[in-house]
Structure formats: structure tokens, C-alpha cells
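Inspection log for the structure reproduced underneath, given as C-alpha cells.
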Amino acid sequence: MNPSATEAVNVTDKPGQRRGKGWLLLVPGMLWLLMFFLFPTVQLFFTSLYDPSGSFEQGYAMTWHFQNYADAIKETSDLFVRSFLYAGITTLVCLLLAYPLAYAIAFKSGRWKNVMLVLVIAPFFTSFLLRTLSWQAILADQGPVTGFLRALAILPDDGRLLATPIAVVAGLIYNFLPFMTLPLYASLDKVDHRLIEAAGDLYSSPFTGFRKVTLPLSMPGLVSGTLLTFIPASGDYINAELLGTPREYMLGNRIQSAFLVEQNYPLAATLSLSLMLLVVVMVILYIRRSGTEELV
Amino acid sequence: MAQSDGEQRSGAPRDLHLTEVSKRFGDFVAVDDLTLTVPEGAFFALLGPSGCGKTTTLRMVAGLEDPTAGTVSIGAEDITGLKPYKRPVNTVFQSYALFPHLTIFENIAFGLRRRGVKDVKRQTDDMLRLVQLEQYGGRKPAQLSGGQQQRVALGRALINEPGVLLLDEPLGALDLKLRRQMQLELKRIQTEIGITFVHVTHDQEEAMTMADTIAVMNSGVIEQMGAPTELYENPRTTFVANFLGQSNLVSTDVVDSSGSTVIVDCHGQKVGVDESRSHTDQGKGWLGIRPEKIFASQRDSEDLEDGNQLTGGVVSDVSFVGVSTQYLVRMPWGQELMVFEQNTGQRQSFKSGDEVDLAWSPQHSFLLDADQDAAAGAVREDVG
Ligand SMILES: Nc1ncnc2c1ncn2[C@@H]1O[C@H](COP(=O)(O)OP(=O)(O)OP(=O)(O)O)[C@@H](O)[C@H]1O
Ligand SMILES: [Mg+2]
């Protein structure tokens, strides 16, 4: 789940690894994970198997009701599809936007490098919620963007942006762009400029040099960036909530309402765990595919 | 017209020409009005101390740096504006610059693949064998030793059989033994495939053993260029005299420069220098004598050689180094001169405090302009 999973793929035969007291460094983190991740997850697992006939007021009976999973997925399969679709589009567009940006910051920004990095991080100084709310104003029916697109006849006169899938995906892209940009930048910044020169010396045009040297060397950042974007985006519900309508709802919205509105805990737990499991499977397949060889 | 032009091009040797090339970084002049020609197939060494502009010169030939002024051409073709990937030039980089994500095999095959050559596998295997890395083809650069990485860098450039191969201190990271071995190897490869090598080094011995022609560079300019023996025997500047081997430089006044032997006054004693080795003809001059060219003999003894003589020395230090004995001789004017005597068994040996006279033949000394710093180019730890 964390970005270091991408690096863990290739840790065999690195020099300088000796047995010692190094594992002690793991203890605080492990304790933390045990308390705040493993324990709640196990709790969640049990909750997901409660009998659905119970209720929040009367309590739930533990009946190892595995049928919950089949029921939940059948009921919400369209939400799963939409979540992964939106997250997938978000990841792709973020990658297309962030790669040139990270490249420019790493190689072309000169003394403006730090300023540009601060600008990338600047949105984090305001709350995620506030920023998404302000997108409501930006994409509003009477807002500037809609007006502009209507004037250009890209949108019909009664066309709108807010409360459409476009608004939700746009919000997701906006919110997750830094998570793609920063790891990409970190990887690209490490690429030794002399390697690109060497590629040029060995008959590579700038584009071939990019394809054969820069791109492969930026793979670790690309993999972490896509994971850091895709995973939280697939579980997000704020963007769909604030910028969309129930027609654009994602799985996160359903989980949120199952927990907080319907207080149908077994359903919420079932959906949460299913999402987690699916994402983990996808991530593993992805890391396998993205080529352990490509990662230095 | 065009036809004769083409003919001339294919007929003309693919010599490398640098014409009045300069490179400035802001106000700093890294290479200053450099002109040189490297004949096709030559082993050319660019020798100079750190920071004198060797790498910058190579980078301009490779196309990685644009000259501020001047032109670079190969044969009749001006390549000054040509992009690096279009030049028939390959570089062995000072930092190797091996691709860390590719195997050794793929590193070496890189240039072939970019050019769409057919039998990549066979050629790459051949090159792996040539640089003695057959069993390492599947490894990544990080899993090789420094010397092995250097050989990969060499193979990666050589395999393309470029018109000019630029080597930027390719042996810098090797220990002495491997260095000597690789020097011979490089020389053998160069003779075998007949590629023009431009070899940058700050090791004068390496330059002298390997190169046909050496250019000695200092602060962005070429001090002197020529065959190793010529540079060693007849240096034209104090920098070259000190940087290539060691020299005794004695302050003298030119007395008579009309004949074939220039007569100078050396603290009251008159000595001669061949006119062809005299690079100043009036006023003061530095008289240069290589330590191994001087014969020492006992004061007023019969076997003092003919030719130039300086008398009145006292041995102040003796160090025995096996093949030779190195003396420091304090002259009447206070300067200490280095004298190396071969241990042939024929010559008398001295001990500290012995009074000696020195002799050498006029063809074995040189006379340099007195405006220069006598210590220019001297390597401190070498003295004494
Ligand atoms: N990009 C640059 N910007 C500014 N100055 C530079 C640049 N590249 C080189 N120089 C300067 O130009 C001079 C020559 O550098 P160069 O790399 O050619 O030296 P060198 O002869 O190869 O030295 P070495 O033997 O240490 O490799 C140095 O003083 C260096 O500081
Ligand atoms: Mg250099």
C-alpha cells in the first residue's frame, strides 16, 4: 500500500545489509500499525460477518454470515465499477499532467526549482474540504468556466459542469495531482544528467534518450505516483459528494452512508473490506507487471 | 562542382580539426583560442593539470558543449553545429555514465541498437570478450568493480567504431597494475582497429607511453604540441619542462646568440645550448637541464666530460632508488640541482658532502624565456 512496497521488490543482494539490532527501528511503527491498522481491520472483518437482520439499536448477532459479501457486491457492483473507472481516469490524467510538470521542475526550472515545488505543495495549506467546496463555485452553472465553455459552444447553452461525472473527475484530478507530481519529481531529480548526455553521444535523439534512459529511470516514481493517486482516489467520496449527484456516487459514498446514515455496520464493513482487498490485488498485479526489472 | 566536393571529402583523411575554438562560461575562459589537428588514426593525448579545460575541449568535439567561437570539423565536414547523436564521435566519459537500469550487455549494445545494426548479439559478445567481461554480460553496472565499469564504458564507445573516440581519463580509477595493463590493451586496440583516439589524461607517463602526439594544455591554452620525445627533450615553456618529467631550471644571462650554439652566463660560468633548443635570444633565460642528462664527477678529476660544465657543487642529499641514484647538488649560488646517475656500475658514486663538478652536452639542455615562473607545472612531491 505504501510507496516503499515498490522498492521492496528488489532488495535482495544489496550490499551492506547485516543482521543486527536494526529491526528495533521497526518496533514503534509496528506497534502503531498493530493498534491502529491491524486491530481495527480485524474488528472490521468480524463486523462484516454479523447477521444483517440486526440493527444499531438492538445490536448484531455474530453468525459468520459470509453471504453478506455476495449480497453487498451484487447490490453495489455499479459503484465498484464507477469507483475504479473514475480512479483510473484520474490516475491517467494526473500522470499526463504531472509527468511534464515534474520533468520541467527537475530539469528545466533552474533556480526556480524550490519555488515551483512550494507551488505544487501550496494547496495543502488549505483544507481539502474547503478546496473542493471552492470547486463548486468554479464549476457552478453561473460560474466562469461554464460561461466560457458555453460561449465557445463547447457546452450547449443549458449544459452544465457541476453535478456531472466531469466535475467529479476534475475534482479528483485536482486533489490528487500533487501525489503524482512529488514522487515523479523525486525520481526524475535523481536521474543523472550525464546519462542523458551519454545516450545522446550513443546516437539517441533527445526523444529516444528520454524513452530509453529517463523514462525507465523514473519508473519508481511513476509506480509510487500512480499508486498514491489510484488507491486514495478509488476510495474517495468527498468529490462525488460535493461536485456530483447520487448518479456519480462512488463506493466511498455508499460506505459513508452505510456507516453514518443507515448505520448498517455489516454492510459498511463488507464494502470497506471488499474495496481494500480488490485494491490490494490490483496493486500486486500492477507492481508485478510494471516490471521488477525496470526498477533499478 | 558538387561532385568534386564529394570526391574530395571521401578522399581526404578524416582528420579532426579544431580551429580557433574558445569556450567561455560567463566571464571564465575555460578554453582559449585552441587550434589543433589530430590526424586520422592517430593516438593523440591531451595532457594537463586538473581544471585546465581538457574535458571542456572533448565535450565540444562530442557536441555536448557549444563552442563560444571557432569550428570543429572532421575531414572536410564542419560538425560545429551538429547534434551529438549525429556525430561520428563517441566518448568514454570521465564518470563512465553507464546506464544503471541496463545490463552490461545492453549497455554495450546501446549504440548498435540505436543505429539499427543487424547482428547486435555477435558484435556485443565480441566486444565483451575484447574488454574481458564475457561472464558479466548479465549483470548491472552497480555489481561491477570500478575497473570493470571502466572497461564497460570503453566497450560501449568502441563497439560503434566511431571516426574519433574521445577518452576522458578512462584509466583514472584503476590501480597501477591494471592501469599499465589497460594502457597496453588500449594501445593494442587502437592499432588494431585504427580509430583516431583523443585521450585525455593528467598522467604524463601515461601520455608519453601511449600517444603519438601529445598536446600539453594549461589554463585553457595549448602550451606545446608534438611527439613525446620532442616535448620531453625540447620543451618550449617552463610549464612543459616541469610537467613532463623533471627539470633543473637555472637563471642565466644570454651572452652570445649568433652561432649555432647559444652561449649563456650561468652565475659566472659559461655554458652552451643548441640553437634549436634555445627559445630566447637575449637578456635573461632559464637554462633547463634534465637530471638524468647530467654527469657528476669528483672535483677537478680527469674524467669530467667535454661540453658544458658547472663546477663547485657539493652533494647535499643522496637517495638510492634502485635503477638510479638521485643526488641533490648544492651549487655555489645556493641552488640545489637534481642529478640522476644510472646504476650501471661504471660510474663513481658519491656521498653527502662530496665536492663534485657537473657536465652535460649542449644538445641536452634547453633555454627558456625568463618571463615565466620557474615553478610552473612542477609537481611538488616529485622534487628531491
Ligand atoms: N558548466 C560549467 N560552468 C562553469 N565553469 C565550468 C563548467 N564546466 C567547466 N567549467 C570550468 O572550466 C574549467 C575547465 O574544466 P574541465 O572540466 O574542462 O577541466 P579538466 O581539464 O577536464 O579537469 P580534470 O582533469 O579535473 O577533469 C574548470 O575551471 C571548470 O571549473
Ligand atoms: Mg576532466
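Give the range B:102-136 a look and list any residue that's surrounded by fewer than 19 Cβ atoms within 10 Å (Cβ to Cβ), away from chain A (no Cβ under 13 Å) and not in a helix (DSSP H, G or I), or say none.
Within the range B:102-136, B:LYS118, B:ASP119, B:GLN132 qualify.
Could you please tell me which pairs satisfy a Cβ distance under 6 Å, a separation of 6+ or placement on different chains, a first residue in the range B:13-28 that is within 16 Å of ligand 2 (Cβ to nearest atom), and a second residue that is not hydrophobic (A, V, I, L, M, F, W, C)?
Hits for this filter: B:LYS23/B:THR56; B:LYS23/B:PRO67; B:LYS23/B:THR68.
Determine which member of the set A:SER187, A:SER224, A:SER204 is within 14 Å of chain B (Cβ to nearest Cβ), within 23 Å of the chain's Cα centre (by Cα) and within 19 Å of B:HIS101 (Cβ to Cβ).
Sole residue among the options that is within 14 Å of chain B (Cβ to nearest Cβ), within 23 Å of the chain's Cα centre (by Cα) and within 19 Å of B:HIS101 (Cβ to Cβ): A:SER187.
Sort through B:GLY288, B:GLY313 and tell me the only one that's within 24 Å of B:PHE239 (Cβ to Cβ) and in contact with a Lys or Arg (Cβ under 9 Å, 6 or more places away or on another chain).
Values: B:GLY313 fails: within 24 Å of B:PHE239 (Cβ to Cβ).
Being within 24 Å of B:PHE239 (Cβ to Cβ) and in contact with a Lys or Arg (Cβ under 9 Å, 6 or more places away or on another chain) holds for just one of B:GLY288, B:GLY313, which is B:GLY288.
Taking into account only those residues within the range B:51-72 that are crowded, with 16+ Cβ neighbours inside 10 Å and of a type in the set (Ser, Thr, Tyr), which is nearest to ligand 2 (Cβ to nearest atom)?
B:THR55
Kindly state which helices (runs of 4 or more DSSP H) lie completely within the range A:168-253 and contain at least 2 residues that are in the same structural domain as A:MET282 (by TED's automatic domain parsing), of a type outside the set (Phe, Trp, Tyr) and touching a helix residue (DSSP H, G or I) at 6+ places or on another chain (Cβ under 6 Å).
It comes to A:193-201, A:219-235, A:238-243.
If I ask for residues that are within 13 Å of chain A (Cβ to nearest Cβ) and within 16 Å of ligand 1 (Cβ to nearest atom), which ones from the range B:152-180 would you list?
B:ALA153, B:LEU166, B:LEU167, B:ASP168
Just checking, how many residues over the range B:202-212 are in contact with a helix residue (DSSP H, G or I) (Cβ under 7 Å, 6 or more places away or on another chain) and farther than 26 Å from B:GLY75 by Cβ?
Of the residues in that region, 4 qualify.
State all residues of the range B:84-100 that are surrounded by fewer than 19 Cβ atoms within 10 Å (Cβ to Cβ) and either more than 25 Å from the chain's Cα centre (by Cα) or within 16 Å of ligand 2 (Cβ to nearest atom) (or both); if no residue qualifies, say none.
Listed by number, the residues that qualify are B:LYS86, B:GLN94, B:SER95, B:PRO100.
Would you list the strands (runs of 3 or more DSSP E) that sit entirely within the range B:200-309 and hold 1 or more residues that are within 16 Å of ligand 1 (Cβ to nearest atom) and surrounded by fewer than 23 Cβ atoms within 10 Å (Cβ to Cβ)?
B:213-218, B:221-226
Run down B:GLY41, B:GLY48, B:GLY81 and say which single residue is within 16 Å of ligand 2 (Cβ to nearest atom), in the same structural domain as B:LEU144 (by TED's automatic domain parsing) and at pLDDT 90 or above.
B:GLY48
Based on this model, can you work out whether A:ALA258 counts as within 13 Å of chain B (Cβ to nearest Cβ), in contact (Cβ under 8 Å) with a residue 12 or more places away in the chain and either on the phi < 0 side of the Ramachandran plot or crowded, with 18+ Cβ neighbours inside 10 Å (or both)?
When the stated conditions are applied, A:ALA258 does not pass them.
I need a count of the residues in the range B:33-82 that are closer than 14 Å to B:ALA215 by Cα, within 11 Å of ligand 1 (Cβ to nearest atom) and either assigned to a strand (DSSP E or B) or within 14 Å of another protein chain (Cβ to nearest Cβ) (or both).
4
The values are calculated or read from the model by the stated rules, or taken from the named source; none is laboratory data. Being a predicted model, the structure only gives us computed values, none of them experimental. Here Cβ is always computed from backbone atoms with ideal geometry, including for glycine, and neighbour counts include all displayed protein chains.
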